[in-house]
1. Within region 171-192, identify whether any single residue is more than 30 Å from residue 15 (Cβ to Cβ) and touching a residue at least 60 places away in the same chain (Cβ under 8 Å), and answer yes or no.
2. Only one of (1) touching a residue at least 60 places away in the same chain (Cβ under 8 Å); (2) crowded, with 20+ Cβ neighbours inside 10 Å fails for residue 215. Which number is that?
3. So residue 84 clears everything in (1) part of a helix (DSSP H, G or I); (2) surrounded by 21 or more Cβ atoms within 10 Å (Cβ to Cβ) except one condition, right? Which one?
4. Considering only region 168-194, state which residues are farther than 28 Å from residue 146 by Cα, assigned to a helix (DSSP H, G or I) and modelled with pLDDT of 85 or more.
5. Mind telling me which of the residues 322, 313 ends up being assigned to a helix (DSSP H, G or I), modelled with pLDDT of 95 or more, over 25 Å from residue 250 (Cα atoms) and within 26 Å of the chain's Cα centre (by Cα)?
6. How many residues, within region 16-72, are out of contact with any strand residue (DSSP E or B) (no Cβ under 9 Å at 6 or more places or on another chain) and farther than 15 Å from residue 327 by Cβ?
7. Looking at residue 187, is it touching a strand residue (DSSP E or B) at 6+ places or on another chain (Cβ under 9 Å), surrounded by 19 or more Cβ atoms within 10 Å (Cβ to Cβ) and within 27 Å of residue 267 (Cα to Cα)?
8. Only residues that are surrounded by 19 or more Cβ atoms within 10 Å (Cβ to Cβ) and closer than 19 Å to residue 233 by Cα: list them for region 145-174, please.
């Protein structure tokens, strides 16, 4: 297993040094050419209730809990589930609080490089999905999931419930895999990382949540059609790659180099700004892929077509809301003013702790006018199977 990991991965010691800052294009404009933005006005009615629910599990100490809630996951639900009613919106916010707190355990918490510790929580949580009628387990994250899945099952179709359970298991397994990569200090090649990221971002869970949020009734065979499979992958990539672009800074400061930008830096032996530009260009091309695939959706009959149209509209709201939230939440940009997103000059954060594999920071231009912004051609091109 270790030999296989080493053969299919790259060594972060080969990274070029990070500059003092980098330029990020307006990713909301890149995706906004196809994906519409809409806001749910109902969130203020349930914000306090959901926060009390989260606090009841005692996941964090008071100081860390306050910081975690300041990232505004309720706002994330506001802009990503704009058509959900109060009952469904409440479940969606709870889902975000569970998913991000669970994700932080392996991303930056005490289990960041301990896959065996992550797996313990994963196995207990799988029990919730496989035996949902059993009492809540004595495990904070699994107990949260137990309540969320109970609410989900109360209105969702059996097909949606099955998709949700399968997707959550895949996502949790990917957390173990990513934790293992961190423990081994290896970086997957770009193609392999993209496939892993579709799971670590929880893309298929998101799709099930979107379906749940508006109570879509779509037969399971529809999701197996090649065009819908392609739409799913494209939509997940379009919500994921902006996350890697926006979260790169936070993650490298935390000593976490499991990021698409880092993959591109290593695979092409390029500098940070060029990698940022390459991933941005990849994103624009992926948006075009989605638009083309959507134009090729076949008819499944009048009733199914109507439900599928509702779902795709809700999915597009989710994707654009997600990209907008990446900028709105202090989780990624801290106190940086991101009101002007075009050509945003982002200072590279200093590392919170000494990380042996992380590169040093070199001086870089301090004025935006000193920087020649371009999206380079990839030579040799990335050979991706999307």
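The values are calculated or read from the model by the stated rules, or taken from the named source; none is laboratory data. It should be emphasised that the depicted structure is a prediction, and the values quoted were computed from it without experimental measurement. Cβ: placed from backbone, ideal geometry, glycine included. Neighbour counts: every protein chain shown.
1. Within region 171-192 (the criterion being more than 30 Å from residue 15 (Cβ to Cβ) and touching a residue at least 60 places away in the same chain (Cβ under 8 Å)), the answer is no, since none of the residues qualifies.
2. Evaluating residue 215 over (1) touching a residue at least 60 places away in the same chain (Cβ under 8 Å); (2) crowded, with 20+ Cβ neighbours inside 10 Å leaves (2) as the failure.
3. (1)
4. As a first pass, look at region 168-194 and keep what is farther than 28 Å from residue 146 by Cα: 181-194.
Restricting the remaining residues to those that are assigned to a helix (DSSP H, G or I) gives 181-184, 190-194.
Those that are farther than 28 Å from residue 146 by Cα, assigned to a helix (DSSP H, G or I) and modelled with pLDDT of 85 or more: 190, 191, 192, 193, 194.
5. Details: 322 fails: over 25 Å from residue 250 (Cα atoms).
So the residue among 322, 313 that is assigned to a helix (DSSP H, G or I), modelled with pLDDT of 95 or more, over 25 Å from residue 250 (Cα atoms) and within 26 Å of the chain's Cα centre (by Cα) is 313.
6. 36
7. Numbers: touching a strand residue (DSSP E or B) at 6+ places or on another chain (Cβ under 9 Å): yes; surrounded by 19 or more Cβ atoms within 10 Å (Cβ to Cβ): yes; within 27 Å of residue 267 (Cα to Cα): yes.
Taking the combined requirement at face value, the residue satisfies it.
8. 160, 163, 164, 165, 167, 168, 171, 172, 174
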